[in-house]
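Down below is the structure, laid out as structure tokens.
The values are calculated or read from the model by the stated rules, or taken from the named source; none is laboratory data. Note that the structure is a prediction, hence the values are computed from the model and not measured. Neighbour counts run over all protein chains shown; Cβ positions are idealised from the backbone, glycine included. To get the accessible areas, we keep the full protein, side chains included, count just its heavy atoms, and leave off ligands, DNA and RNA. Shrake-Rupley method; radii C 1.70, N 1.55, O 1.52, S 1.80 Å.
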Amino acid sequence: MKAAAFQKQNQVGVIDAPVPKAGAGEVVLKVHNCGICGSDLHAVQLGTLRPECIMGHEFCGEIHQIGTGVRGFEVGERVASLPWITCGECDACARGEGYHCRKNRVLGLGQLPGGYAEYVMCGERSLLKLPANVSSREGALVEPLSVGLHGVNRANIKPGNGCVVMGAGPIGLAALTWCKAKGADPIIVSELAAGRAELALKLGATEIVNPNERKPADRMRELTGRAPELVIECIGVKGTLAAAIDIAGTHGRVVVIGACLEPDTIVPMKCLMKEVSVEFAVGYTKAEFEETIDALARGKLNAQPLITDIIGLDEVPTMFDTLRSPGTHAKVLVEFPH
Ligand SMILES: [Zn+2]
Ligand SMILES: [Zn+2]
């Protein structure tokens, strides 16, 4: 089969690889769509992956082969998969938090082969069926949308909460989509890039503010007479956490989804004086994956505008180069003939 794999720092290539076989508790999918994620780009830039490892963790497809002991699935059924195989026995697994399972093996980021391939091997416990009215393109959005949902769930959002989403990259846009679906109003998106700002408006942002020109918190006060109740930080570079704390009002809640990899400073007194709570969010639960699929099926999520490009597997290496500079792309989906 053909697959896109890490080669060396800043280089992805299309390779020939054997079609995986499903062992006990495993299922092989024929991939329909797989989204390109910022963490894929990041891993390729860092160059830390094992050469020839097949990438891609935002995928869905149809069941091609079923391993022994797997029940409740049939060949040809369309499913999305959580991108890991877990132990199924620990406390984290019992809570549906596969991300926190210490024995989990992640698909597409170096441990197990991922979804930029005609076929991918998944764990039975990680599969969720896609209803007929959720397209495979939407199926590939379930993973990134669930990242946004997990953040929004950590924020304990209430209808009518004034919300600032910092950053309109794919994660910020996913968080925005859920803020909208859960009734946050107004939603101000803070973003510098004009192309991304336009996407945020399509996804239901009340307004876009360029933080170099105007303070999002000031704009929120003009609109509502109150400071923002909720700030979702989806940038993750030095200084953005402190900026999020500044934006939040008294008893405001900050949720951090952006992944900052270096030491960053905040002034605790600023949190203390406003009694701001700061939550960090990573991954998603299986229940959140289900909630995303259900919301897509019921037309509750306006997710289509997230998809900006559909490409073939052969175009993956060039697209990785293109995506190194942020443009007007949000979610790029690799599509396989099906
Ligand atoms: Zn991802
Ligand atoms: Zn476990």
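Assorted remarks:
- Remark: the residue 314-residue 16 segment gains 106.1 nm on full extension, using 0.36 nm per residue and subtracting the alpha carbon distance.
- Just checking the listed ones, 280, 59, 289: in the Gaussian network model of the chain with Cα springs under 10 Å, the one fluctuating most is 280.
- Using the Cβ of residue 216 as centre and a radius below 12 Å, the other residues enclosed give a net charge of -3, where K and R count +1 and D and E count -1.
- A straight line joining the Cα centroids of the stretch 177-223 and the stretch 302-338 runs 24 Å.
- Comparing 270, 30, 129 in a Gaussian network model of the chain, where Cα atoms under 10 Å apart are tied by springs, the biggest mean-square fluctuation is seen for 270.
- Largest-first ordering by accessible area, 1.4 Å probe, given options 288, 335: 335, 288
- The stretch between residue 250 and residue 103 holds 48.9 nm of extra length on full extension. This uses 0.36 nm per residue minus the Cα-Cα distance.
- Rounded accessible area of residue 93 (nearest 10 Å², 1.4 Å probe): 30
- Centre separation in Å (Cα based) which lies between the stretch 254-290 and the stretch 1-32: 34
- Within the chain, helix-based [θ] at 222 nm, where runs of 4 or more DSSP H residues each add -39,500 (n - 2.57), nearest 500: -7500 deg cm²/dmol
- Solvent-accessible area per residue, Å², over the chain with all protein chains present [probe radius 1.4 Å]: 44
- Net charge of Cβ neighbours under 10 Å - reference residue 69; Lys, Arg +1; Asp, Glu -1: -1
- With all protein chains modelled, accessible area of residue 253 [1.4 Å, Å²]: 50
- With the simple spin-label model, which puts each label point 7 Å out from Cα in the Cβ direction, the residue 198 to residue 95 separation comes to 4.3 nm.
- Shape class of the stretch 75-115 from the alpha-carbon gyration tensor: oblate, with a/c at 1.5 or above and b/c at least as large as a/b.
- The apolar share of the surface of the chain, taken as the fraction of accessible area on carbon and sulfur atoms (1.4 Å probe, ligands and nucleic acids excluded), comes to 52 percent.
- Most mobile of 303, 94, 174 in a GNM of the chain (Cα contacts under 10 Å): 94
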